[in-house]
Amino acid sequence: MKKIIAGFIMLVPSLLIFQIVAMAQKKPAINVADQLKQKAVSDIQLQYDVYKNMELSIWGFAELGYKEYKSSSLLQKTLTDNGFAVQAGAAEIPTAFVATYGSGKPVIAILAEFDALPGLSQDSVAEKISLGKNAGHGCGHHLFGVASVAAGIEIKQLIEQKKLTGTIKVFGTPAEEGGSGKVYMVRAGLFNDVDVVIHWHPGDNNGVTLTSALANTSAKFRFHGISAHASMSPEKGRSALDGIEAMDNMVNMMREHIPEDSRIHYVITNGGKAPNVVPDFAEVYYYVRNPKREIVKEVFDRVVKAAQGAAMGTETTVDYEIIGGTYDLLINRSLAAAMQKNLEQVGGIIYTPDEMVFAKKIQATLNKPPAPETAAVIEPLKTETDAGGGSTDVGDVSWNVPTVGMQAATWVPGTAAHSWQAVACGGTSIGAKGMMVAAKTMALTAIDLFTNPLLINKAKEEFLQSKESGFIYKPLLGDRKPALDYRD
Ligand SMILES: [Zn+2]
């Protein structure tokens with residue numbers, strides 16, 4: 001009995017000492033991360049004018065997918081000037097790059113997009129006025145790229161100052177809009193050594209992404225017929241446009257007999273040149289989407305059958321080229337919870353009186369928008385994950401590396417992506433302020449990952465559990481080379 005009591009008494013002080021030591025070890029660690037976060041927020045804010053000028057330059061370049069030469073080189077130059085080693089022309093894509101600073105683990109990557117959309121030229125004013133160019137930043141990717149570079153540079157400085165250890169990478173990812181740029185970078189193994197990927201997207205509110213994306217396969221179907229005078233010798237012709245119209249009819253009938261959460265859309269990119277010439281060539285560009293990539297594959301195979309049937313019936317021939325293919329987005333809740341805290345710390349956007357005037361003018365062109373003041377609100381973390389309506393090549397990244405993302409209010413609340421209003425907002429200080437929210441939140445989330453290895457472990461555990469057993473990544477676009485001319 002005495003022995004046991006003695007042992008117990010011995011145990012109590014050692015437990016106390018253990019606790020004190022643990023507290024002593026734990027407390028400064030928390031303070032260090034908090035101090036670094038405060039520093040990161042003020043460092044990034046000090047560069048507001050620099051980053052605003054950069055994003056406005058890229059907004060002005062408004063370059064289409066895989067043709068973003070000026071935009072990509074501006075981001076690359078900024079990273080090189082700041083001490084990053086930049087691998088240009090990554091994955092056989094001239095405008096893709098990987099910028100690296102530091103060494104060893106962890107390896108944290110930030111994605112940077114910069115492509116614009118065709119047909120969306122718009123001035124930075126609250127009425128629909130084109131700048132007469134062939135493209136505009138209707139998805140805010142000019143802000144996307146610069147915010148990610150800003151966050152990367154801040155983390156690089158902290159590594160350089162020996163406040164963090166490990167590697168920071170900024171991935172310059174071209175042609176998100178239909179070009180599936182990131183898929184080739186994943187396929188080339190460029191993410192193999194990365195522990196966690198951080199990304200964001202411009203939006204009309206502030207929140208951490210718990211909405212997935214639709215898996216997507218896109219293809220251009222090319223019909224070949226025989227030219228003839230459409231009136232003098234029509235019997236000698238076989239119309240390639242007939243092939244497309246027959247195909248489209250069949251696909252439109254097919255809509256009734258496919259899983260209803262599917263999406264199919266198309267545009268005829270070449271329907272012939274003149275009514276009095278039977279077209280010997282015509283082209284239609286299709287997208288097939290569904291939350292599940294297995295269903296995308298099934299529906300896409302049936303679209304191919306419709307094309308073949310149409311060719312047979314019109315005595316034309318058809319071939320097709322897969323243009324893009326992206327996975328659904330794998331959500332990581334452990335990382336999302338960490339990012340949420342950082343987004344709440346950074347806070348939303350408060351409009352100046354001038355910005356409020358602009359916001360109200362934009363909102364007058366929108367259907368039932370929420371109050372402009374909601375740009376200051378941080379959405380609470382959603383408990384449910386939904387499929388969403390869009391597709392993104394971040395999907396393929398997220399099935400290879402634990403990935404976390406957010407959106408920031410770069411657009412006046414109620415503004416839809418891919419609209420003239422989005423282009424307009426992206427060219428004003430409202431866009432720049434939203435970009436700063438994203439840059440700061442991503443930097444803070446990276447600080448968490450560099451200072452808390454447990455968070456990375458938890459994210460990796462969740463990542464492995466979320467994937468079906470035996471999952472092997474196979475890109476939906478197969479082994480094709482990057483579709484560098486898909487916007488031609
Ligand atoms: Zn986008």
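The values are calculated or read from the model by the stated rules, or taken from the named source; none is laboratory data. Bear in mind the structure is a predicted one, so any value in this text is a computation, not a measurement. As a convention, Cβ positions derive from the backbone with ideal geometry for all residues, glycine included, and neighbour counts pool all protein chains shown. All accessible areas refer to the heavy atoms of the entire protein, side chains included, with ligands and DNA or RNA removed. Shrake-Rupley method; radii C 1.70, N 1.55, O 1.52, S 1.80 Å.
Quick one: if the Förster radius is 56 Å, what FRET efficiency do Ile268 and Asp193 give, using the C-beta to C-beta distance and rounding to 0.05? Could the numbers behind the result be given before it?
Details: r = 44 Å, r/R0 = 0.78.
Result of the calculation: an efficiency of 0.80.
Accessible surface for the range 144-270, divided over its residues, is 36 Å² per residue with a 1.4 Å probe. Between the range 380-409 and the range 81-126, the alpha-carbon centres lie 19 Å apart. Accessible surface of the range 129-269, 1.4 Å probe: 50 percent of it comes from carbon and sulfur atoms.
Could you check how many percent of all C-alpha pairs in the range 369-488 are farther apart than 23 Å?
Working: 3685 of 7140 pairs.
So the portion of pairs separated by more than 23 Å is 52 percent.
Near Ile456: Cβ cut-off under 12 Å, other residues only, Lys/Arg at +1 and Asp/Glu at -1. The net charge is -1.
Note on Val125 and Leu454: their simple-model spin labels are 5.7 nm apart, each label 7 Å out from Cα toward Cβ.
Taking the charge dipole of the chain about its Cα centre, with +1 at Lys and Arg Cβ atoms and -1 at Asp and Glu Cβ atoms, the residue from Ala88, Val401, Ile268 reaching farthest to the positive side is Val401. The residue among Gln421, Ile378, Ser469 whose Cα reaches farthest toward the positive pole of the charge dipole of the range 357-488, with charges on the beta-carbon of Lys, Arg, Asp and Glu, is Gln421. Evaluating 6.51 cos²θ - 1.76 cosθ + 1.60 at θ = phi - 60° for every residue in the range 220-229, the Karplus couplings come out as 9, 9, 10, 9, 10, x, 10, 6, 6, 5 Hz, glycine and proline recorded as x. Note on the range 337-488: with charges restricted to the Cβ of Lys and Arg (+1) and Asp and Glu (-1), its dipole about the Cα centre is near 160 debye.
Set the Förster radius R0 to 60 Å, insert the Cβ-Cβ distance between Val32 and Glu294 as r into 1/(1 + (r/R0)^6), and round the FRET efficiency to 0.05. It would help to have the intermediate numbers written out before the result.
Values: r = 46 Å, r/R0 = 0.77.
Result of the calculation: an efficiency of 0.85.
The dipole here belongs to the range 95-219: it is taken about the Cα centre, uses +1 on the Cβ of Lys and Arg and -1 on the Cβ of Asp and Glu, and is about 400 debye.
For the residues Ser429, Ser130, a 1.4 Å probe over the protein chains yields an accessible-area ranking, largest first, of Ser130, Ser429. For Asp43, the shell of other residues with beta-carbons less than 13 Å away shows a net charge of +3, using +1 for Lys and Arg and -1 for Asp and Glu. Excluding same-chain neighbours fewer than eight residues apart, the lysines reachable from Lys128 by a Cα-Cα span under 17 Å are Lys360, Lys361. Pairs over the 26 Å Cα-Cα cut-off, from the set Lys162/Lys467; Lys70/Lys169; Lys77/Lys220; Lys77/Lys460; Lys39/Lys162: Lys162/Lys467; Lys77/Lys220; Lys77/Lys460.
Bridges between two residues of the chain, per DSSP, are antiparallel at a rate of about 70%. Centroid-to-centroid, using Cα positions, the range 450-488 and the range 281-319 are 27 Å apart.
Close amide H partners of Leu210, meaning residues 5 or more places away or on another chain with modelled amide H under 5 Å apart, do not exist here. The calculated 222 nm mean residue ellipticity attributable to helices in the chain amounts to -14500 deg cm²/dmol, summing -39500 (n - 2.57) over DSSP H runs of n ≥ 4 and dividing by all residues.
How would you order 85-91, 253-259, 479-485 from highest to lowest mean count of nearby Cβ atoms within 10 Å? It would help to have the intermediate numbers written out before the result.
Numbers: 85-91: 16.9, 253-259: 11.6, 479-485: 15.1.
Highest-to-lowest ranking by the protection proxy: 85-91, 479-485, 253-259.
Within the shell of other residues whose beta carbon sits under 10 angstrom from the beta carbon of His201, the net charge comes to -2, with Lys and Arg scored +1 and Asp and Glu -1.
Per-residue 3J(HN,Hα) values for the range 426-433, derived from phi via the Karplus relation 6.51 cos²θ - 1.76 cosθ + 1.60 with θ = phi - 60°, read x, x, 10, 5, 4, x, 5, 5 Hz in sequence order (x marks Gly and Pro).
Packing here is the average count of other Cβ atoms within 10 Å per residue, and on that basis the peptides 462-470, 393-401, highest first, run 393-401, 462-470. Selection among Ala112, Asn205, Val186 by position relative to the dipole of the range 98-221 gives Val186 as farthest towards the positive end (Cβ unit charges, Cα centre).
Rounded to the nearest 20 debye, the dipole magnitude of the chain is 1600 debye, with +1 charges on Lys and Arg beta carbons, -1 on Asp and Glu beta carbons, and the Cα centre as origin.
Which whole-angstrom value gives the distance between the alpha carbon centres of the range 228-246 and the range 43-62? Their Cα centres are 53 Å away from one another.
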